[in-house]
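Report on one structure; see the data block that follows.
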Number of protein chains: 2
Amino acid sequence: MAHHPSTLPAVLAPVITPFDAKGVPDTQRLARQSRWLLSHKVGLAVFGTNSEANSMSVAERIQTLQALIDAGLPAEQMMPGTGACAVTDAITLTRAAVQAGCAGTLTLPPFYYKEVSDDGLFAYFATIIESVAHPKLQIYLYNIPPVAKVGFSIALIERLIKAYPQTVVGMKDSSGDWAYTESVMKAFNGTGFRMYAGSESFLLRTLRAGGVGCISATANVNPGAIAGLAANWKQPDADQQQSDLDRVRSAFQRRPMIAAMKAAVARYSGDTQWAVVRPPLVELSPDERDGLFADLDSIGFSIPGL
Amino acid sequence: MAHHPSTLPAVLAPVITPFDAKGVPDTQRLARQSRWLLSHKVGLAVFGTNSEANSMSVAERIQTLQALIDAGLPAEQMMPGTGACAVTDAITLTRAAVQAGCAGTLTLPPFYYKEVSDDGLFAYFATIIESVAHPKLQIYLYNIPPVAKVGFSIALIERLIKAYPQTVVGMKDSSGDWAYTESVMKAFNGTGFRMYAGSESFLLRTLRAGGVGCISATANVNPGAIAGLAANWKQPDADQQQSDLDRVRSAFQRRPMIAAMKAAVARYSGDTQWAVVRPPLVELSPDERDGLFADLDSIGFSIPGL
C-alpha cells in the first residue's frame, strides 16, 4: 500500500477562488484562506471544480499558483487542478505544478468531445505524462461525470496504471456512484492507488474500504470537522461524526454549491467581496442567501476564525 | 432583414486542422486547404468543433489565425470559433478575431458547468461584448447541445439581441432539432438574425424558412455541391440536390466524423499527414477507413483538386 508515498493529507479542499472588484483572482484573499484551511489540517486542491478553475485562463491559474508559492504556502500540501480540453494546456498546467513542487495534480479528462474512446483518453494522458517527463509527477485522475460528462472506465485506469505506475497514483471520484468508487478501490488498492472520495458524504465508507480520504467542496467551510473524522475514523463515534458532517453538507447542497459556500465565507468573514463568482455562475439571490443562513443557524453552524 | 450586412457566404466549413509530425497545427497545409475551400465559395469557420479547436490552446488558435491572415487569406470570409470555458479566454480570442478583421465570431456558451442559468449565460456574453468593446464585432451564437451540453433558450437569445442588437447577429444551430431551429427563425428572422444550419442536412429547409445557409463539417469534403445548393435553392432540382448531399454526408456520418473527413482528405490529396488528429480523438482504424473508402467509391464520390 505504500507504493506512492505522499505528503498530502487525508482531506483537501478545492479551494474557492476569490475575485477582486475587477473580477481578477485575488491572490491575497486566497493565500489567507489557504492558510486557514491548513490550520485545520486540510490540504489545498486549488483549481478544482469548486474553485471555478475552468472559468480561469491557463495564465490566471499559473500566476495564481505562483502567487501562493511566493506567499509561502507549502507546495507539498497542494494538488492543483490541471484539467483542460486541450492537451497542450494540460501539459502547460501540469508542468507548472510539478516544477512548483506540488505533491500531485488533479487532472480531468478532456471534456469537450463526448463519447470518446479509451484509446483517445489514454493517448491524452500519455501525451501529458511523456511531455512533462518529470520523475516527481504524481497524477490523480479526476472522475466527475456529472459535470465533465466524460469518465474513466476500469479498463482505462488499469491501462494507465500499468503504463505509468509511478505517475498515475490515485483518483478523486466525484461520480457520486458508490458502486463505482468501490469497484475502483477493489481493483487497484493493491497497487497503492490512492482513492479520495469526491465528497465527505462518502468519507467514512471510503476510509473503511481502504481509501485515503476526501477532496470535498464543503471542506472550504467545514474543514475542522471533516479532517477530524478522517483522523478519528476508527473511533466509536465515527458514524455520529459522519452524520454531523452530512447535516452541514446538506444545507449547502440544497443551493448552488459554489455560490452558497462563497456566501457563507462572505458572511462569517464579514468580507462581502467573497460572494463574487465568475460567469456563467451567479451569486445566490437574496432569498437563497437568507434561506441558507437560516438553515445554518438552525443547526448551530458557523465558521469560526475566518 | 438587412439589419446585419455581412461579407460572409451562405456556406462555411469548420475547417479541419492539420497537425504536423510534431503534433503542432500546420498553418501551411491549413492555408492551402482554406484557399481550396474559398475556390468553391465556402467560407472559413476556422476553429469549430470539427477543427478540434477546443483541443488547441488559446495561443495556438491565435497564432494559427494570424498565420492565415499573413498568408493572405481574407478575414472577411472568416468566422473563427472563439468559444471557451473561461470568459477571459473567450475575450482574448474574440478580441484577436475582431482585430484581425474577421467578419464574425462563432461563440460557444461556456461548457464546463452544466445546468447553468440564463442569467449566468447572459452575464458571460455581456462580459465578452463589453470587454472587447469593438463596434465591428458580430457574434454568432454556437448552439451545439449534443456536445456542449449547454444551449441557448429562446428567452436568452431574445435578451442578448435586445441588449446587443448590433453585435449578437446570428446563430449556428447544431442541435439537430429542427423544431428548435425553426422556432428561433420564427422568433428572430424579423430582427435580421442570421441562422446557419449546423449541417447541410438542414440546408434547404433552413433557406426556405428564411435562414442564411449552413456551417457544416461536410463542407470540408463536399464544398462545391453544398455551396451549389445554397446558390440554386430556388431551382426545381433543389430537392434532388439536397438528396445528393445527404447521401455523401451519410457515408461520413457513419464513422467518427472528424477522423473520417481527415482520412478522406489524406486519401484524395495523397498527403497522409492529414489523417492525424489530436487526443482525445483517434484516427480511423484500418477497417473503418476501408469501409469509408468503399462507401465513397460506391456512390462515385471523390474530392477533385485537393
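The values are calculated or read from the model by the stated rules, or taken from the named source; none is laboratory data. The structure displayed is predicted, hence computed values, not measured ones. Don't worry about glycine lacking a Cβ; one is built from the backbone with ideal geometry, like all the others, and counts go over all protein chains shown.
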Exercise. For the stretch B:196-208, indicate whether the set of residues that are closer than 24 Å to residue B:35 by Cβ, among the acidic types (Asp, Glu) and touching a residue at least 40 places away in the same chain (Cβ under 8 Å) is non-empty.
Key: yes
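Does residue B:103 fit the bill of being touching an Asp or Glu at 6+ places or on another chain (Cβ under 7 Å) and either among the charged types (D, E, K, R) or away from every other protein chain (no Cβ under 14 Å) (or both)?
Numbers: touching an Asp or Glu at 6+ places or on another chain (Cβ under 7 Å): yes; either among the charged types (D, E, K, R) or away from every other protein chain (no Cβ under 14 Å) (or both): yes.
Taking the combined requirement at face value, the residue satisfies it.
Looking only at the stretch A:43-59, which residues are in a helix (DSSP H, G or I) and under 27 Å from residue A:126 (Cβ atoms)?
A:49, A:51, A:53, A:54, A:58, A:59
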Self-check item: Which listed residue, of B:298, B:285, B:243, is surrounded by fewer than 16 Cβ atoms within 10 Å (Cβ to Cβ), within 14 Å of chain A (Cβ to nearest Cβ) and farther than 19 Å from residue B:17 by Cβ
Solution: B:285
Practice problem: Please go through the stretch B:106-117 and pick out each residue that is more than 9 Å from chain A (Cβ to nearest Cβ) and either under 18 Å from residue B:6 (Cβ atoms) or among the polar types (S, T, N, Q) (or both). | Solution: B:106, B:107
Quiz item: If we scan the stretch B:76-91, do we find a residue that is crowded, with 20+ Cβ neighbours inside 10 Å, of a type in the set (Asp, Glu) and either farther than 17 Å from residue B:167 by Cα or touching a residue at least 24 places away in the same chain (Cβ under 8 Å) (or both)?
Solution: yes
Practice problem: Note down all Cβ pairs under 8 Å where the first residue falls in the stretch B:145-172 and is touching a residue at least 40 places away in the same chain (Cβ under 8 Å) and away from chain A (no Cβ under 12 Å), the second is of a type in the set (Ser, Thr, Tyr) and in a strand (DSSP E or B), and they're at least six residues apart or on different chains. | Solution: B:169/B:140; B:170/B:140; B:170/B:196; B:172/B:140; B:172/B:142; B:172/B:196
Exercise. Filter the stretch A:57-75 down to residues that are closer than 20 Å to residue B:110 by Cβ and touching a strand residue (DSSP E or B) at 6+ places or on another chain (Cβ under 9 Å), then give me how many there are.
Key: 3
Quiz item: Among the residues of the stretch A:249-269, how many are more than 17 Å from residue A:21 (Cβ to Cβ), among the charged types (D, E, K, R) and buried (at least 18 other Cβ atoms within 10 Å of the Cβ)?
Solution: 3
Quiz prompt | Single residue of B:234, B:262 found to be part of a helix (DSSP H, G or I), at negative phi and basic (Lys, Arg) | solution = B:262
Practice problem: Quickly run through the stretch A:33-48 and pick out the residues that are within 18 Å of residue A:80 (Cα to Cα) and out of contact with any Leu (no Cβ under 9 Å at 6 or more places or on another chain). | Solution: A:41
Quiz item: What's the number of the condition residue B:120 fails, among (1) part of a helix (DSSP H, G or I); (2) within 9 Å of chain A (Cβ to nearest Cβ); (3) crowded, with 24+ Cβ neighbours inside 10 Å?
Solution: (3)
Quiz item: What pairs come up if the first residue lies in the stretch A:4-33 and is more than 18 Å from residue A:306 (Cα to Cα), the second is modelled with pLDDT under 95 and surrounded by 24 or more Cβ atoms within 10 Å (Cβ to Cβ), and their beta carbons are under 9 Å apart, counting only those six or more places apart or on different chains?
Solution: none
Practice problem: For the stretch B:65-90, enumerate the residues that are under 18 Å from the mean Cα position of the chain (by Cα), of a type in the set (Ser, Thr, Tyr) and within 12 Å of another protein chain (Cβ to nearest Cβ). | Solution: none
Quiz item: Taking the stretch B:237-259, which residues are over 23 Å from residue B:41 (Cβ atoms) and assigned to a loop (DSSP other than H, G, I, E, B)?
Solution: B:254, B:255, B:256
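For every residue, the table says whether it meets (1) in a loop (DSSP other than H, G, I, E, B); (2) of a type in the set (A, V, I, L, M).
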position: A:5; (1), (2): yes, no
position: A:9; (1), (2): yes, no
position: A:16; (1), (2): yes, yes
position: A:23; (1), (2): yes, no
position: A:31; (1), (2): no, yes
position: A:35; (1), (2): no, no
position: A:38; (1), (2): no, yes
position: A:41; (1), (2): yes, no
Exercise. Could you please give the count of residues in the stretch A:265-295 that are touching a Ser or Thr at 6+ places or on another chain (Cβ under 7 Å) and part of a helix (DSSP H, G or I)?
Key: 2
Self-check item: residue A:154 touching a strand residue (DSSP E or B) at 6+ places or on another chain (Cβ under 9 Å), over 18 Å from residue A:45 (Cβ atoms) and surrounded by fewer than 22 Cβ atoms within 10 Å (Cβ to Cβ)
Solution: no
Exercise. Mind listing whichever residues of the stretch B:223-240 are buried (at least 16 other Cβ atoms within 10 Å of the Cβ) and in contact (Cβ under 8 Å) with a residue 40 or more places away in the chain?
Key: B:223, B:224, B:226, B:227, B:230
Exercise. Can you tell me which residue within the stretch A:68-100, out of those that are part of a helix (DSSP H, G or I) and among the polar types (S, T, N, Q), is farthest from residue A:137 (Cα to Cα)?
Key: A:88
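I need a count of the residues in the stretch A:189-215 that are buried (at least 18 other Cβ atoms within 10 Å of the Cβ) and in contact with a strand residue (DSSP E or B) (Cβ under 8 Å, 6 or more places away or on another chain).
If we filter the stretch A:189-215 for residues that are buried (at least 18 other Cβ atoms within 10 Å of the Cβ), which is where we start, we get A:193-204, A:206-207, A:211-215.
Then keep just the ones that are in contact with a strand residue (DSSP E or B) (Cβ under 8 Å, 6 or more places away or on another chain); that gives A:193-200, A:202-203, A:206-207, A:211-215.
Total meeting the criteria: 17.
Which is away from chain B (no Cβ under 11 Å) and under 17 Å from residue B:23 (Cβ atoms), of A:133, A:96?
Result of the check over A:133, A:96: A:133.
Could you say which residue among A:218, A:272 is away from every other protein chain (no Cβ under 14 Å), closer than 30 Å to residue A:24 by Cα and crowded, with 16+ Cβ neighbours inside 10 Å?
Details: A:272 fails: crowded, with 16+ Cβ neighbours inside 10 Å.
Among A:218, A:272, only A:218 is away from every other protein chain (no Cβ under 14 Å), closer than 30 Å to residue A:24 by Cα and crowded, with 16+ Cβ neighbours inside 10 Å.
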